[in-house]
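A short worksheet on the structure shown next.
Quick note: the coordinates plus some simple rules give every number you see, no bench work behind them. For clarity, every value in this text was computed on a predicted model and none was experimentally measured. No Cβ is skipped: glycine too gets one built from the backbone with ideal geometry, and neighbour counts run over all protein chains shown.
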Amino acid sequence: MKILVTNDDGIFAQGLWILVNELKSIAQVVVAAPDREQSATGTAVTLRQPLRVQKASPLVSEVETYSVEGTPADSVILALGKLVKNKIDLLISGINQGPNLGDDVLISGTVGAALQGYLRGFPAIAISVDSVDSLHLDNAAKLAILLAKKIDANTLPSNIFLNVNLPNLPLSEIRGAKITRLASKSHTDTVEEGHDGKRKYYWLVRQKVNGDTDEKTDIWAIEQGNISITPLHT
Ligand code: MN
């Protein structure tokens, strides 16, 4: 099995390499990821400037690794269009350190990268842990292995595009896994104003919306301590 791994937290992110380290035991893994933090770049694609790529030293030995000066979506387009020789069996984007729930999938670089695999006919999974200080990335890596094995065994449809989120809990405290739909609202956005002595500046500030009461949504599932698996494919 051949798996392409990318992310939006950048090529040095811990989540990416924990994932690669696990996947390596069941698959040939290729990494193509942005050379820097690219969270919240959504589906952005670079069309008005050239893209540059470097072969990079992997943080897990013997993994073909490319560092892309571009967005997460650029990384996948470039990998599938040029860098990766043979056909892949699966694209996994993550493990993102931070949730990608509800309408946030529309600005998520993690999901935006997975979308490019799906659009090219490959099974695609975006995987995230619900904390920026992700202490339990290992559960997500193990879940990725389970899903990859199912795809390899053809027990899942080949045209899947899944958005997976895990609560930031030890395995013993995770209640179960729910197949969910996207909640309608994940954040409220406000604009804060400051002054640097010369000019005004603004910060876009996001605040999590809590308490989704619809039991079919991803936010509800996570808040209740469940893994949320949301099919995004049509
Ligand atoms: Mn991110």
key: Cross-link partners of K24 among aspartates and glutamates (Cα-Cα below 18 Å; sequence separation of 8 or more within a chain)   = E62, E64, D89, D138, D152
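Using the crude model of +1 on Lys and Arg Cβ and -1 on Asp and Glu Cβ, and no other charge, please compute the dipole size for region 1-67 relative to its Cα centre, in debye to 20. Don't skip to the answer; put the middle values down first.
On the way: 6 positive and 7 negative charges, 51 e Å.
In debye, rounded to 20, region 1-67 gives about 240.
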key: DSSP-loop GluC sites (Glu not before Pro) across region 1-110, with at most 15 other Cβ within 10 angstrom   = E37, E62
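With only Lys, Arg, Asp and Glu charged, each at its Cβ (+1 for the first two, -1 for the last two), find how big the charge dipole of region 3-138 is about the Cα centre; round to the nearest 20 debye.
Details: 9 positive and 15 negative charges, 148 e Å.
Charge dipole, region 3-138, about its Cα centre: 720 debye, nearest 20.
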ask   = To two decimal places, what compactness ratio does region 1-132 give when its Cα radius of gyration is scaled by 2.2 N^0.38 Å?
value = 0.92
inquiry  = If each DSSP helix of 4+ residues adds -39,500 (n - 2.57) and the sum is divided by the residues in the chain, what number results at 222 nm, nearest 500 deg cm²/dmol?
reply    = -6500 deg cm²/dmol
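Exactly which trypsin sites (Lys or Arg not before Pro) in region 165-201 are in a DSSP loop and have at most 14 other Cβ atoms within 10 Å? List each step's numbers first, then the result.
Values: sites: R175, K178, R181, K185, K198, R199, K200; in loops: R175, K185, K198, R199.
Sparse-neighbourhood loop trypsin sites (Lys or Arg not before Pro): R175, K185, K198, R199.
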ask   = Which whole-number percent is the relative contact order of the chain (Cα, under 8 Å, 6+ apart)?
value = 19 percent
query = So, with +1 on the Cβ of K and R and -1 on the Cβ of D and E, and no other charges, what is the size of the charge dipole of the chain about its Cα centre, to the nearest 20 debye?
reply = 760 debye
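How large is the convex hull of the C-alpha atoms of the chain per residue, in Å³?
Details: hull volume 33.0 nm³, N = 234.
Here the figure is 141 Å³ per residue.
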note = Karplus-derived 3J(HN,Hα) from phi for region 43-53 (6.51 cos²θ - 1.76 cosθ + 1.60, θ = phi - 60°), whole Hz, x at Gly and Pro, runs 8, 3, 10, 8, 10, 10, 8, x, 9, 10, 10
query = Excluding S186 itself, what net charge comes from residues whose Cβ is under 14 Å from its Cβ, given Lys and Arg +1 and Asp and Glu -1?
reply = -4
remark   = Rounded to whole angstrom, the alpha-carbon centroid of region 135-151 lies from that of region 195-234 at a distance of 22 Å
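In region 105-154, which trypsin sites (Lys or Arg not before Pro) are in a loop and have at most 11 other Cβ atoms within 10 Å, using DSSP for the loop call? Present the calculation step by step, with values, prior to reporting the outcome.
Working: sites: R120, K142, K149, K150; in loops: R120.
Sites meeting the loop and neighbour criteria: none at all.
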